[in-house]
2 protein chains.
Amino acid sequence: MKLDERKQKVLLAIVHDYIATAEPVGSRTIAKKYKLGVSPATIRNEMADLEELAFIEQPHTSAGRIPSEMGYRYYVDYLMKRQELTREEEELIRREYDAKIKDVGQVMQKTGQLLSQLTRYTALVLTPQMGASSFKHIQLVPMHVSRAMIIVVMDNGTVHHRMIEVPESITQSDMETISRVFNAKLQGLTIESIKLTLLKEIYFELTRHKHVIDLAMELIQDSLALKTEDKIYLGGVFNMLNQPEFHNVEKVKTLLGILEQESLLKDLLTGKAYQNGVTVRIGKEIKNDEIRECSMITAPYSVNGRKIGTLGVLGPTRMEYAKVITIVEFMTKSLSQALERIMQGRGR
Amino acid sequence: MKLDERKQKVLLAIVHDYIATAEPVGSRTIAKKYKLGVSPATIRNEMADLEELAFIEQPHTSAGRIPSEMGYRYYVDYLMKRQELTREEEELIRREYDAKIKDVGQVMQKTGQLLSQLTRYTALVLTPQMGASSFKHIQLVPMHVSRAMIIVVMDNGTVHHRMIEVPESITQSDMETISRVFNAKLQGLTIESIKLTLLKEIYFELTRHKHVIDLAMELIQDSLALKTEDKIYLGGVFNMLNQPEFHNVEKVKTLLGILEQESLLKDLLTGKAYQNGVTVRIGKEIKNDEIRECSMITAPYSVNGRKIGTLGVLGPTRMEYAKVITIVEFMTKSLSQALERIMQGRGR
DNA sequence: CTTAGCACTCAACAAGAGAGAGTGCTAACA
DNA sequence: TGTTAGCACTCTCTCTTGTTGAGTGCTAAG
C-alpha cells in the first residue's frame, strides 16, 4: 500500500506530533507546525482519506487524529529516519560498561539500567543461554573441621560451588585424591555420557569415602543439568509511570502484573520469529491479550557469533521508534562485547 | 499515658475497622459492629475525648475518625494481640524453603517473595554481611588454549572466579605449581597481613609467570576487599497498588522512586537502633521525608547467633500490624535456618 | 484542486443542587 | 453523674446543567 507524497507527509506529521505530545493532532496544528504549504482545510481532506484507509483514527468526533497501529507500522516501515545516538550517549554507554564489571550478573543489570535510562521506557534483558556444557574440573577444599567446599568448573566458564559436611576422618590428601580421580575420569563429559560403569570405577577407587563422593556427584549432576536459569533483568519499570497513558492506576496494575510474570516475559523475548536483527512489534502484533497499547522493540545479542540471548524495550505504542531502535541495536553490540570480555578473560 | 478501658475499646475498634476498610469510622458503625453495649452518642463523647488526646483525628467535619500515628503507636504497644500464623502459612514457608534452594541469592529472593506474598505489602531483604574474611584457597584451572580460570575460595564460604588469558607456554603442571605456592604462602591471611615481603617470595619462586601471578593477585585482592555488596531484594512492590492509599499515580511514583534508591533503603534497614528483635516504625518514626503514610516493620536475622542482615516490610500506616509482626519474626528464623544450611553444608 | 466560511459535535470544566453520613450540642432520663 | 435520644448543622460526594473551545465535515467560491 503506497501513499502519495502529501498523505505521507501528513501521516508523518501526525505520528511525530502525537509521539511528542500524546494529544490528538488537529488539522490546524499540522498546518502551523509542519508547514506543508497548504491550508488546514486541505489537510482535513487528506486526513479524512487517511482515516478511511485506517492509518489514523479519531478518539471522538471533535478531537484531532491519532495514528492507528497500522499507521505506526507504515511509519516504521516506510517513513521513519533512524535517529543516531549522540556522542554523549555513546560515551555514557562505553563508560558504564568499562567500569568495574566483573561478572555476568552485573553486566545484565547494567544493561537493563542503561537501556531504560536511555530510552525512558522499560527494559527487558534475558540472561545468556550458555547451552549444554561439559564437566571440566572439580576441586574439594577443606574448610573448617568436618566441612569442605566442592567446586565444579564447567567448560563454558561457569563455576558452581557448595559447602558440604565431611567425616572428620577425611584428610586434605584424601580430598586431593578424590579430586584427582574425578578429574581424570570425568573431564569433558556431558551428562549423557556419565554412565554407570564410570561411576562404578570411581566408587571402586574411592570406596572409603562414599558419602563425599555422593555429594560431589550430586553437584556435578546439578551443574550439568542446570540450564542457566533464564532470569530476566528489568530496568526502569518506574519510567512507564511518566507516560501519560499510564496515568490511571488500573493500567499500571495490569502492566506491573505482567512484568511480574517471568515466564510470560520469557515467551515475549524468546519467540523464534524475533531472532534476526531488531524486531519491532506494535500493539496487537505482540501476541498477548493483557498487554495493550504497547510496543516492543527487541533484538538478539550474541557471543562469538552465536545468539545466546535477547534484550528489548517495552513502551507505549506511542513510542519514539526512531530513537529506540538505534539504542536497542547499539546495546546488543555493546552487551556482546562486554560478555565476550568477561567470559574469555580478555583485557579490560 | 493510660486510657480507661472503654476508651481503649473504642480506639481498638477504630483501628481495627480502619485497617480493614480504609474508611473513616463513625460512631454508629462502632456501636453496631463492635457491641460495646452503649449507644452511638456515648461513643461520640469518647471519640471527642480521644481526639483531644490526639489518638484519633477527623479528615473533615462530617466524616468519621481515623487513628493518628500516635493512635497506631498506642495500639501496637498496648492493645494489639499477636495474630499467630495459620498452619497453611507455616506449611507454605517450610515447603518453599525446602525446595531446591542452593545458593544465597536464591534464598534472599525467595524470602522477599514469601514475605510479600504473606503480608501483601512490600518486602525488603538485605543481603547478609559476611564480615571480613581471609584467604583460603586458590586454584588455576586450564580451560581452552591460552585461557584459564582462577578460582579463589574465602574462609567464610564465598567463592570468586574469573577467566584470564594465559601465555600458551604455561602448562597444566605450571598452573598446579602456581596454585600450590599461593596456597602454601597465603592461607588464612587477611588483606592487611599480605605484605610485600611475602609477595616477593612468591614472585621469586614463580618468576617465569609474572603475568599470571599478577592476575591471580588481583583477584585475591578483590576478593579480600569485597565487602559482600549489600544488595536489596524487593518483593511485591506491586502489592502496594492494591492499597487504596496508593490509588493516585503521584503517590505511586514517589513510592517507586524511593524503592529504586538502593542506598536510601539500605539506610532504612541498617539503622543501629533497629538491631534488636522486631522493630515497628510508624509514619514519621521512619526518619525520612519522602516516605509518607507508611510504616515499616523490620527485624535482623542471624547466622550462628551473629546478626548479619535485616529484613522488613513496608506498608501503609494502615497496616495489619498484628499479623505482619508475627510474619516478620517467623521469617527471620526461617531465613536464618536456611542460610545456616547453605553456608555450612548441613543436610537438606 | 484548494480554500474560506460556517454549522455542528463533543469532551472538559465549572457551578449548583441534593442526598447522605456523621458530627456536636442540648435536654431528658436512670 | 453518666447515658441516651433528638435535632440542627457541616461537609463531601454525586448528579445535572450550562458553557466554552477545539476540531470537524460540508458547501460553495476561487
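Per-structure values
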| item | result |
| --- | --- |
| Filter result (at the interface with chain B (Cβ under 7 Å from one of its Cβ atoms) and farther than 13 Å from A:Ile220 by Cβ) within segment A:134-145 | A:Val141, A:Met143 |
| Residue check, A:Thr86 crowded, with 23+ Cβ neighbours inside 10 Å and among the hydroxyl-bearing types (Ser, Thr, Tyr) | no |
| Hits in segment B:17-27 - residues which are within 11 Å of DNA strand C (Cβ to nearest atom) and part of a loop (DSSP other than H, G, I, E, B) | B:Glu23, B:Pro24, B:Gly26 |
| Matching residues in segment B:78-124 - criterion: being of a type in the set (Val, Ile, Thr) and under 19 Å from the mean Cα position of the chain (by Cα) | B:Ile93, B:Ile101, B:Val104, B:Val107, B:Thr111, B:Thr119, B:Thr122 |
| So A:Ile19, is it more than 14 Å from chain B (Cβ to nearest Cβ) and within 10 Å of DNA strand D (Cβ to nearest atom) | no |
| Strands (runs of 3 or more DSSP E) wholly inside segment B:217-326 containing at least 2 residues that are modelled with pLDDT under 95 | B:232-235, B:294-303, B:306-316 |
| Residue within segment A:298-311 that is touching a Ser or Thr at 6+ places or on another chain (Cβ under 7 Å) and among the aromatic types (Phe, Trp, Tyr) present | yes |
| Check on A:Val76, within 12 Å of DNA strand D (Cβ to nearest atom) and not basic (Lys, Arg) | no |
| Residue in segment A:283-295 that is crowded, with 19+ Cβ neighbours inside 10 Å and within 12 Å of the chain's Cα centre (by Cα) present | no |
| Selection within segment A:53-86 - of a type outside the set (A, V, I, L, M) and within 16 Å of DNA strand C (Cβ to nearest atom) | A:Glu57, A:Gln58, A:Pro59, A:His60, A:Thr61, A:Ser62, A:Gly64, A:Arg65 |
| Meets criteria (away from chain A (no Cβ under 14 Å) and surrounded by fewer than 23 Cβ atoms within 10 Å (Cβ to Cβ)) for B:Glu340 | no |
| Candidate set: segment B:93-109, residues that are basic (Lys, Arg) and in contact (Cβ under 8 Å) with a residue 40 or more places away in the chain; chosen: the one nearest to A:Ile151 (Cα to Cα) | B:Lys102 |
| Test: residue in segment B:36-57 that is in contact with a Phe, Trp or Tyr (Cβ under 7 Å, 6 or more places away or on another chain), aliphatic (A, V, I, L, M) and closer than 18 Å to B:Ile282 by Cβ | no |
| The lone exception for A:Lys231 - which of (1) touching a residue at least 60 places away in the same chain (Cβ under 8 Å); (2) in contact with a Pro (Cβ under 8 Å, 6 or more places away or on another chain); (3) of a type outside the set (Val, Ile, Thr) it fails | (2) |
| Test: B:Asp49 is within 14 Å of DNA strand D (Cβ to nearest atom) and part of a helix (DSSP H, G or I) | yes |
| Among the residues listed as B:Ala123, B:Ala148, the single one being more than 11 Å from chain A (Cβ to nearest Cβ) and touching a residue at least 12 places away in the same chain (Cβ under 8 Å) | B:Ala123 |
| Of the criteria (1) touching a Pro at 6+ places or on another chain (Cβ under 9 Å); (2) not in a helix (DSSP H, G or I), which one A:Ser62 fails | (1) |
| Unique match (being touching a residue at least 40 places away in the same chain (Cβ under 8 Å), within 12 Å of DNA strand D (Cβ to nearest atom) and crowded, with 19+ Cβ neighbours inside 10 Å) among B:Gly64, B:Gly71 | B:Gly64 |
| Residues that are buried (at least 16 other Cβ atoms within 10 Å of the Cβ) and of a type in the set (S, T, N, Q), drawn from segment B:234-249 | B:Asn239, B:Gln243 |
| Condition check for B:Met331: within 14 Å of chain A (Cβ to nearest Cβ), out of contact with any His (no Cβ under 9 Å at 6 or more places or on another chain) and part of a helix (DSSP H, G or I) | no |
| Residue check for A:Glu90: away from every other protein chain (no Cβ under 14 Å), touching a residue at least 12 places away in the same chain (Cβ under 8 Å), on the phi < 0 side of the Ramachandran plot and away from DNA strand D (no atom under 11 Å from the Cβ) | yes |
| Conditions (1) surrounded by fewer than 16 Cβ atoms within 10 Å (Cβ to Cβ); (2) touching a Pro at 6+ places or on another chain (Cβ under 9 Å): number failed by A:Tyr18 | (1) |
| Residue satisfying all of: in segment A:28-45; under 40 Å from the mean Cα position of the chain (by Cα) and touching a residue at least 24 places away in the same chain (Cβ under 8 Å); farthest from DNA strand C (Cβ to nearest atom) among these | A:Thr29 |
| Test: residue in segment B:28-38 that is more than 16 Å from DNA strand D (Cβ to nearest atom), surrounded by 15 or more Cβ atoms within 10 Å (Cβ to Cβ) and in a helix (DSSP H, G or I) | no |
| Some residue of segment A:281-296 being within 30 Å of A:Gln344 (Cα to Cα) and in contact with a helix residue (DSSP H, G or I) (Cβ under 9 Å, 6 or more places away or on another chain) | no |
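The values are calculated or read from the model by the stated rules, or taken from the named source; none is laboratory data. Owing to the predicted nature of the structure, the values given are computational and were not obtained by experimental measurement. Ideal geometry is used to build each Cβ from the backbone, glycine not excepted, and the neighbour counts take in all protein chains shown.
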